[in-house]
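Here's the structure we're looking at; comments come further down.
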Amino acid sequence: MAVLERTPVVLIAGFAGRATEGVDHLAAASAARPGTAVVRHDLRELREGIVRRTVWQDGHERTEVLELAHGCVSCTLHADLLPLLCRLSARDSVRRIVLALDPAFEAEAVCQAIEGVVVTGIVGRVDGPAGRDVRVEAVLTCLDAQTWLADATGDETLAERGAAAADDDRTVAQVAVGQADFADALVALGPAVDAMDQARLTEVLARLVPDAPVFWTDDLATVGAAEIERLLARIPAGSRRGRTFDAHAPLLRGQPPLSTEHGVTLIEFAASRPFHPERLHEALDVLFEGVVTARGRMWLATQPDEVVWLESAGGGLRVGGAGRWLAAMSEDEVAQADPTRRALAALRWDETFGDRDISLVILAHDADPADIRHALHWALVEDDELRLVERAPERVAQWEDPFGDWHRDPCVDFDSAAPEPDAAQSKSQRGEGK
């Protein structure tokens, strides 16, 4: 099938409060557009291995009860959603597919799976990713203006909220921030609690997703198919539309405001020397108060070959390996690396340490930027320690390193959706325990 003939897919996501109502409403409104198939998986009984899948198209509704041998989000995605996309795309009557995502689904993981997971066993179709048959047109995220910022800056887990199984260690903040960050457009259901909260939320979104148009509404009933189409039309041509970025992509996307408004600000932290791992472990507490999210690349003195990726949301933190520095690669490996990455590394190449450096971006809504910078500067190696890094790396390797063991969480991070080689593996931490 030619690329231009792939069936467009719109994903609608939302978590907690009125956002879930927004997902249902936008899905119903989308179904009014001729040729649109709307799909919804209800995962509330997933722990019992039961999934209810509903498909609406041209006034017809069909609900099926699926029984899964292993009741998990990943299995639902692989065993049913991806094959269903392939089958729907083959129908002449289907010109667009809308996925109304259950709160347990994360849009980014679904998009990764569409492009990376091989779908097998469909009669008359050659095995391959669903991305050969469908393309992500847009990701729309609904958020509740009264609760989103509190959710995005808290440390409650999904399990504690009752929104996931007990062994799912994702936090509400990670899901709330991730849904907004991955959106091509947002539907904000307001108003916020007060004018100050409204202003702060507006400034946070302007920095988190600066290119995403935001449709504010106090009344879902006013949002119909026409409003959805106008919102989709406002999405910039360069929007991500399901694309994922590796650890070496620019940390600042679009053109976010760099000023401070209503206490909301973006903090850029860069250094040409590594972190001391134990001091960094202590310093990271500064990211758990008054910070919406932080992400970036780190150089740890004890791991000179590894690019270490940090990503936080509220009280949830993930730190993991993200491939190797170019300076630690062979010539053949460097030649195969992304040309843009090589070009940027050449601009800051150091004769001793190569492309190793630290680059973080932190979005704060109620924190003193000076305190954050001070804590991170304190965690850097001092001059005498830097000499050891250069001349006696075998001694530095013996330092205590709380970040020394990486692992990949099963099922919940969709392990079959193979990430890019440089994509970060994850290690979840809670704000109070790290």
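The values are calculated or read from the model by the stated rules, or taken from the named source; none is laboratory data. Being a predicted model, the structure only gives us computed values, none of them experimental. Because the Cβ atoms are built from the backbone with ideal geometry, glycine has one as well, and the counts that use them run over all protein chains shown. Side chains included, ligands, DNA and RNA excluded: accessible areas come from the protein's heavy atoms. Shrake-Rupley method; radii C 1.70, N 1.55, O 1.52, S 1.80 Å.
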Positions within segment 260-302 being among the basic types (Lys, Arg) and either in a loop (DSSP other than H, G, I, E, B) or on the phi > 0 side of the Ramachandran plot (or both), in sequence order: 273
From (1) part of a loop (DSSP other than H, G, I, E, B); (2) of a type outside the set (Lys, Arg); (3) more than 21 Å from residue 322 (Cβ to Cβ); (4) out of contact with any helix residue (DSSP H, G or I) (no Cβ under 9 Å at 6 or more places or on another chain), pick out the condition that doesn't hold for residue 257. (4)
The lone condition residue 429 fails out of (1) out of contact with any Leu (no Cβ under 6 Å at 6 or more places or on another chain); (2) open to solvent by less than 30 Å² (accessible area, probe 1.4 Å); (3) at pLDDT below 95; (4) at negative phi is (1)
Out of all the residues in segment 109-131, which are open to solvent by 30 Å² or more (accessible area, probe 1.4 Å) and either more than 23 Å from the chain's Cα centre (by Cα) or within 23 Å of residue 23 (Cα to Cα) (or both)? 112, 120, 121, 122, 123, 124, 125, 126, 127
From 53, 95, which residue is under 18 Å from residue 9 (Cα atoms), touching a His at 6+ places or on another chain (Cβ under 8 Å) and open to solvent by 10 Å² or more (accessible area, probe 1.4 Å)? 53
Within segment 350-384, count every residue that is over 30 Å from residue 197 (Cβ atoms), surrounded by fewer than 19 Cβ atoms within 10 Å (Cβ to Cβ) and in contact with a helix residue (DSSP H, G or I) (Cβ under 8 Å, 6 or more places away or on another chain). 4
When residues of segment 1-37 are filtered for being in contact (Cβ under 8 Å) with a residue 60 or more places away in the chain and under 30 Å from residue 150 (Cβ atoms), how many remain? 20
Checked segment 317-344 for anything in a helix (DSSP H, G or I), among the basic types (Lys, Arg) and either open to solvent by less than 30 Å² (accessible area, probe 1.4 Å) or in contact with a strand residue (DSSP E or B) (Cβ under 6 Å, 6 or more places away or on another chain) (or both); matches are 341
Run residue 69 past the list (1) modelled with pLDDT under 95; (2) under 30 Å from residue 246 (Cα atoms) and report the number of the one that doesn't hold. (2)
Search segment 233-248 for residues that are touching a residue at least 60 places away in the same chain (Cβ under 8 Å) and of a type in the set (A, V, I, L, M, F, W, C) and pair each with any residue that is open to solvent by less than 50 Å² (accessible area, probe 1.4 Å) and part of a loop (DSSP other than H, G, I, E, B) when their beta-carbon atoms are under 6 Å apart and the residues are at least 6 apart or on different chains. 235/184; 247/422; 247/424
Restricted to segment 303-316, and to residues that are in a loop (DSSP other than H, G, I, E, B) and at pLDDT 95 or above, which residue is most open to solvent (accessible area, probe 1.4 Å)? 305
When residue 230 is evaluated against the numbered criteria (1) at pLDDT 95 or above; (2) open to solvent by less than 20 Å² (accessible area, probe 1.4 Å); (3) closer than 28 Å to residue 34 by Cα, which criterion, by number, is the only one it fails? (2)
For segment 268-302, enumerate the residues that are of a type in the set (Ser, Thr, Tyr) and either crowded, with 17+ Cβ neighbours inside 10 Å or without any contact (Cβ under 8 Å) to a residue 60 or more places away in the chain (or both). 293, 302
Does residue 160 satisfy the criteria of being in a helix (DSSP H, G or I) and in contact with a Gly (Cβ under 6 Å, 6 or more places away or on another chain)? no
Out of all the residues in segment 168-190, is one or more open to solvent by 40 Å² or more (accessible area, probe 1.4 Å) and within 23 Å of residue 265 (Cβ to Cβ)? no
Those residues that are of a type in the set (Lys, Arg) and either part of a helix (DSSP H, G or I) or touching a Cys at 6+ places or on another chain (Cβ under 8 Å) (or both), I need them from segment 167-225; list them, please. 200, 207
